[in-house]
Amino acid sequence: MKKVEPIEFLKDRVYLGAYTHTPKDTETTVYFTVDDALPYNPFHLDFGPLNAGHLYRFAVALHEILAENEDKAVMFYSYPDPRYRANAACLLCCYMVLIQSWPPHLALAPIAQAEPPFMPFRDAGYSTADFILTIQDVVYGCWRAKEKGFLDLRHFNLDEYEQYEKVDQGDFNELPPHYIAFASPQQEDFLTPLDQAFNNVLDYFETHNVQLVVRLNSILYDARQFEQRGIKHIDMIFDDGTVPTMDMVKKFVGAAECIIEQGGKIAVHCKAGLGRTGCLIGAHLIYSYGFTAAECIAYMRFLRPGMVVGPQQHWLYLHQNEFRDWKRTMVVGDTPSYKLANLRPLVPIADQQCKLRAQLSALQDQIRRKEEQLGSLGASGVTHDSILPSTPPPKTPERSILGDMDHCNSILPAPTPGQPRKNSPSPAHRTGSVGISAIRPKRYISTSHDAVYNSDEEREGSIASARRVVSRQVSRQPSRSVSVSVCEDVEGSLIVTASHSPSRRPSHQQQMRSPSKQLDFDQENDMGKKSPLRVRSPSRRQASLRQVSGETGVRKVSRSKR
């Protein structure tokens, strides 16, 4: 056999070699191998790559040897058999990428021109190996997973990994970030107690937030074992060694996306948890993270050896671009599927948009019909209020000032804010029984102070005019005895004072008034009072004073400009 030359990875520190015998340590070099300590467990003719547990143990051993031999070179070697050489080279390259954080091209550069070339890996099937994986595929698959943040050996649980990969302990492996691949649990009949492997699966899934189990093979256990623990269970059964339909893949990817949105994990199994399981998990990894088919298969085999078998490898390779395109052409639908445990499949974005447009159009049509219905009701004389409920909403009763409930005094209209308004007496009180003192003076007094008299004659004329107007108004009250006096205050305003004596007998309307009306209009309440009325003289710029409306009010003096 031709001698294999050592390959340098770190000058004077780390080398890769192959020897037919066990070399002895020297003063400058120490030798170690893992061929016997970390063997690959083949399914048939497959021989690698070594898994994550192997890499973890290799890294621990290498670090110990480097620490013990700081001034020596370390030669990591294997048997010269091509299969052992390929596993050793792949293990060291993956170590440089995952532990030392080398970029893939630098990790692969030392072995690029190796002689003889390194043997590629094959699948675990029994057929002819017509699809190969290279060391480069494995290195790039691990690197992509590391770059995406879901393959970090610093948080790798070696004991758990090595325990549950055993058949009698559950035969499952986690495939970060969201998957668990496992072999189908089995029950001889649904009434017998569960074995240790099945119990381990149930307990682990319940404590690690697994929310969905997907069965791809025939029924070998009761699905209620998972459902009783709050885990959804769906069947997507297809024949062993075959590939799923694209419609099935869309349903699976959509259901997985729904679980991932909820923060859960998805457990997938077929009979052995390798071929059919790898098809669906691989399709979703390509869809979500942009793996190539070779990188995806290599990554899954690095964590669970033997995944994806025979024609399934070609199926992933042929459809990898389509799966990646789904990220921009497909979307999780909005209609839950009963067959998917009320989860939702992937649907084309165009179909979803058409559905949304149809829903929007239906809603617009409904609004249009409502508007037309309201318009036709308005044209027929039916108002919008008439089609509303006739019963008014409950209202808390308001207490009036006088103590009556819901009392409304129609004689006192509500004034407009910011502008004074005169009260219009009700028809029942326009009989002449209301005297001057019954009218509230503030509604008839001018408050302007800009009156200017050009002479004493003008002032005397204004006083005489005011006296005549008031006397004429008082003369309309035959049952009253009223005296009128006019004087001028310090501001130059005219003050008209009227005093009267009460009538001996109130009129019929006064006898029938309510207490609220008597309070405002009964002259007996104003007996002996004097009501000063201020009448302003017009300025020189005013042609005349405006005349007061109403029959019983006090009129303002109107005269021509001198």
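The values are calculated or read from the model by the stated rules, or taken from the named source; none is laboratory data. Since we're looking at a predicted model, the values are computed, not measured. Cβ: placed from backbone, ideal geometry, glycine included. Neighbour counts: every protein chain shown.
Here are some notes:
- Candidates A283, A358, A350, A362 - the one that is among the small types (G, A, S), surrounded by 19 or more Cβ atoms within 10 Å (Cβ to Cβ) and in a helix (DSSP H, G or I): A283
- Residue pairs meeting the criteria (Cβ under 8 Å; at least 6 apart or on separate chains; first assigned by TED's automatic domain parsing to the domain that holds L133, in segment 102-118; second in a loop (DSSP other than H, G, I, E, B) and among the hydroxyl-bearing types (S, T, Y)): F118/T134
- The set of residues from segment 303-314 being within 38 Å of the chain's Cα centre (by Cα) and assigned to a helix (DSSP H, G or I) comprises just one member, L303.
- Taken together, the criteria exclude C94 from residues that are within 20 Å of L303 (Cα to Cα), in contact with a Pro (Cβ under 6 Å, 6 or more places away or on another chain) and not aliphatic (A, V, I, L, M).
- One residue from D325, D334 being modelled with pLDDT of 95 or more, assigned by TED's automatic domain parsing to the domain that holds F291 and under 27 Å from the mean Cα position of the chain (by Cα): D325
- Test result for L151, outside the structural domain of A272 (by TED's automatic domain parsing), touching a helix residue (DSSP H, G or I) at 6+ places or on another chain (Cβ under 9 Å) and touching a residue at least 12 places away in the same chain (Cβ under 8 Å): yes
- Scanning segment 315-341 for residues that are outside any helix (DSSP H, G or I) and either touching a Ser or Thr at 6+ places or on another chain (Cβ under 7 Å) or free of Cβ contacts under 8 Å to residues at least 40 places away in the same chain (or both) turns up V331, D334, T335, P336.
- Criterion (buried (at least 16 other Cβ atoms within 10 Å of the Cβ), of a type in the set (D, E) and at negative phi) met by exactly one of D46, D36: D46
- Members of segment 276-316 that are of a type in the set (G, A, S), at negative phi and out of contact with any Leu (no Cβ under 9 Å at 6 or more places or on another chain): S288
- Within segment 59-83, the set of residues being within 24 Å of E115 (Cα to Cα) and outside any loop (DSSP other than H, G, I, E, B) comprises A73, V74, M75, F76, Y77, S78, P82, R83.
- Residues located in segment 23-57, provided they are over 26 Å from G141 (Cβ atoms), touching an Asp or Glu at 6+ places or on another chain (Cβ under 9 Å) and assigned to a loop (DSSP other than H, G, I, E, B): T28
- Residue match in segment 126-133 (condition: in contact (Cβ under 8 Å) with a residue 60 or more places away in the chain, under 47 Å from the mean Cα position of the chain (by Cα), surrounded by fewer than 24 Cβ atoms within 10 Å (Cβ to Cβ) and within 21 Å of L316 (Cβ to Cβ)): yes
- In segment 163-182, the qualifying residues are those that are of a type in the set (S, T, N, Q) and assigned to a helix (DSSP H, G or I), and the one that is surrounded by the most Cβ atoms within 10 Å (Cβ to Cβ) is Q169.
- Meets criteria (more than 23 Å from A298 (Cα to Cα) and over 48 Å from the mean Cα position of the chain (by Cα)) for A86: no
- The residue that is farthest from the chain's Cα centre (by Cα), among those in segment 199-252 that are crowded, with 16+ Cβ neighbours inside 10 Å, of a type in the set (D, E, K, R) and not in a helix (DSSP H, G or I), is D222.
- The listed residues are I180, I219, and the only one of them that is of a type in the set (V, I, T), free of Cβ contacts under 8 Å to residues at least 24 places away in the same chain and over 23 Å from C90 (Cβ atoms) turns out to be I219.
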